[in-house]
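Here's the structure, in structure tokens; my notes come after.
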Amino acid sequence: MGKPTKKRSVADKVRKAKTSTEIKNNPFEVKINRKKFDVLGRKVKHDVGLPGVSRSKAITKRKETLLKEYKQKNKSSKFIDRRFGEYDTKMAPEDKILQRFAMERKRSYDKKDVFNLNEDEELTHFGQSLAKMETFNDFVNSDDESEEKGLLSAEMTASHFGGGGGLLRKKTSGDQQEEDGSQRAKSRQELIEELILKSKQEKRERQAQKEEAQVLTEQLDKEWKSIQALMVKKAPKAESDEKPEEKPKLEEYDMMVRELGFEMKAQPSEKLKTPEELAREEREKLQKLEADRLRRMMGDEIGNSTQQQVHMSADDLNDGFILDNDDKKTLAYQGEEEEGGVSSEEEDGHSDLESENESEEEEPKLEAKETSAKPLSQEEIKAQQEAAKSELPYTFAAPESFSELKDLLCNHTPDNQRLILARTLKCNHPSLAVGNKLKLQKLFGFLLEYVGDLASRTPPELTTVDKLIPELYNLCQMYPEAACKAMQSILGDAAHSMEEVLEVKGRAAFPSLDMLIYLKVTALLFPTSDFRHPVTTPALLYISQALTRCPVRSLQDVTSGLVLCCLAVEYVSFSKRFLPELINFLLGILHLAVRDKTTLGYTLVPPFRATGKLTDLLVLSDWESCKTWSKKSLPLSATQSLDLKTDLERDHHRLTCLSICLDLVKRCSLLYRDLPSFTVILQPIKTLLSKHLTAQTIPAALQVILETIDSAPVAHPRLVFEKKKPIPLKLLTPKIVEVLDYGKKRGCTREEKEKERLKHKYKKEFKGALRELRKDSRFLAREKLNEVVQRDTERKKKVKELFGSLASQEGEWKALKRKKRKIK
């Protein structure tokens, strides 16, 4: 048996709720805030506080305020009249209606013409509005149309568009009388022909009227011209006897403006050519000159293409005023003789060596000269062939080895050797063929080897070396990496050979002339002011090692050492790098000229010694040789071989070396005067000059150099410590604040206390506001979640109901189907 269900009454529910409330509000949990004093104006938050009461009140308050605002968001539950001026009691009803109508029209106008750019302008054509012209009622000047501007007559309309019945139905009273009087009625064809004749008649009348109007218009124009002068109160020119008024003279500014208007405008210049195009043109020019040289060498006459006799009749007046090409003067090389000979390379001048950048070859100077029409004789042809054979070729192939380069340049003058290299570079430019780049890179190494070979000869061909330096520079600019590797290999081999000699003998000889040339070429081709460079830095180290490890044993060694010192000064002239090896070597050279070496006052470092057999190399054998000596430069060939036969020649060479050494000292003093330790660096040299090389022991030409060295300005004084004791900084007594209660500061002013109180209150209120905002956010999040859960619950409920209804329908349908089967 099932249990009986009982319905609880309302009284039982109330009784149970009261019991739960009494149980929940335990008296031991009630918090009572007792006040000791009643302060006027103080707000009391809670006299009696129950657990959970404040939270429930806050939730209730949020439901009444925040929840209502959230539910009424984006909703409108009342009608608000938003018409213009509806709540404005100062405006009259008529003004309100007019203003509303204007606003409505403006709103529709803005929407309609939002893309109209010319809204306030009226477009016209020949003085007529385009809006009116769009009606297509304009007059068309055509003989085939009527004057009614496109309108057809009533009869024409009725005949063409009325179905034909109009011609028979519409008739006037006169027509009716004629019809009555006539025996038969007119047919449709007769009526159409009559209509055509009538239209042609009207057309002829309109044409006659038009011609008559045209004649009248022309006549009116003529009469208007005659009376036009009377209207402007000006007599005709023929009748006026007055002289014309003189025009005012133009000012100087106006004249200049008009002159500038007639000046010639700037003409466009030719397009700048690329390096590839320039190289191609240079090669074509050289090939053309070479072909011309070969043609002359084979004996072909130059005047083959000269002017020929042109047949002219006896009655030819030669009035064509056209100059034939044969009348032009032919061109010949400057210095060419009348018999057709061409000057050799010595008379050619080689203008390509005198260009600005000393690397571009110019065309030979040409001059206009009339050539005789007579053929050359056999002797003249032979002279021409000899001159062409003696002339340099214009095209050269790049040498593949050093021997080929040597065979190519041998037996030629220095200028011709440079010309051959310049033409070789132009004929084998890297943009003309694929393998030219590798050929020119090899050519740089071959040319360096050839320069060393020229410097090693006896006597050395330094003039030729000087002429080949520009071509080396051009190749170095084209291929810097290949040039760097070639020069590094030369410097590395020289340094290794010096190290090997030093390990075996303990001393090494000074570099030969070819190595000195290589060091000079390095300074010309590569930058010397870099802090570290792959070529100049090893070269400078090699110079320093030579100045330190190579002893001075003869006058030839003195000359080589001075050349190295000149190169060292050239290397450091831009960077002003200090080289102690240079200063020590100059001091040692000056020491070689001192006679009395007992009291020196300075210290020498290797490779020089204070005393010994080779310490008097620069001491003069006779003082009288100073009178016949004159200052001159030191030849580089003196580093290779020195031929001094007499004592006078030796003394002159000693004085020249001493002069060069003093010049180097002067340059060093100017170079290193900005260093703080300038006086310390040159102090030994100044001591030597002041004690041992006085004005009585050197020529007058060298005394000027000594005075310049002594008077060299000192840019920076020596760094020394200050003698005064430094003044100590002022010591401030610290302010000590006594803290009696930890966490509280005492001794603050009233303003500071008020500021601290406001800061504390601000922080407290800020934290409270953040806390309330977070609670509001959580409350709204809970309500949103509840709404989502409620919607999901309702949706699930409806889905279940739908499924239930579908299941019941399915069951009914199956039952009905079974019933039908049973019936069957």
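The values are calculated or read from the model by the stated rules, or taken from the named source; none is laboratory data. Since the model is a prediction, treat every value here as computed from it, not as a measurement. Neighbour counts are summed over all protein chains in view; Cβ atoms, including those assigned to glycine, are modelled from backbone coordinates with ideal geometry. Heads up: the accessible areas ignore ligands, DNA and RNA and are worked out on the full protein's heavy atoms, side chains in. Shrake-Rupley method; radii C 1.70, N 1.55, O 1.52, S 1.80 Å.
Here the Kirkwood formula, the inverse mean of 1/r across different C-alpha pairs, assigns the range 392-478 a hydrodynamic radius of 13.1 Å.
Over the Cα atoms of the range 516-599, the radius of gyration divided by the Kirkwood radius equals 1.02; this is the Rg/Rh ratio. Peptides 565-572, 640-647, 402-409 ranked from most to least packed give 565-572, 402-409, 640-647, packing being the mean of other C-beta atoms within 10 angstrom over each peptide's residues.
Per residue, the accessible area of the range 392-478 comes to 42 Å² when a 1.4 Å probe rolls over the protein heavy atoms. Computed extension gain for residue 263 through residue 674, at 0.36 nm per residue and net of the alpha carbon distance, reaches 142.1 nm. Apply 1/(1 + (r/R0)^6) to the Cβ-Cβ distance of residue 270 and residue 458, taking R0 = 45 Å, and write down the FRET efficiency to the nearest 0.05. It comes to 0.30. Across the range 380-390, computed HN-Hα scalar couplings (Karplus, 6.51 cos²θ - 1.76 cosθ + 1.60, θ = phi - 60°) run 5, 5, 5, 5, 5, 5, 5, 5, 5, 5, 6 Hz from first to last residue, x flagging Gly and Pro. Modelled this way, with points 7 Å down the Cα-to-C-beta line, the labels at residue 537 and residue 623 are 5.3 nm from one another.
Less than 5 angstrom separates the built amide H of residue 629 from none of the residues sequence-distant by 5 or more or on a different chain. At a 1.4 Å probe radius, carbon and sulfur cover how many percent of the accessible area of the range 392-478? Carbon and sulfur: 53 percent of the exposed surface of the range 392-478. Residues of the range 471-499 with the amide nitrogen closer than 20 Å to a label point 7 Å from the Cα of residue 439, along Cα-to-Cβ, please. Taking a point 7 Å out along Cα→Cβ of residue 439, the residues of the range 471-499 whose backbone N falls under 20 Å are 471-480, 482-483. Using only side-chain charges placed at the Cβ, +1 for Lys and Arg and -1 for Asp and Glu, the dipole size of the range 392-478 relative to its Cα centre rounds to 280 debye. Computed with a 1.4 Å probe over protein heavy atoms only, the accessible surface of the range 744-789 comes to 95 Å² per residue.
On a per residue basis, the convex hull of the C-alpha atoms belonging to the range 498-637 measures out at 141 Å³.
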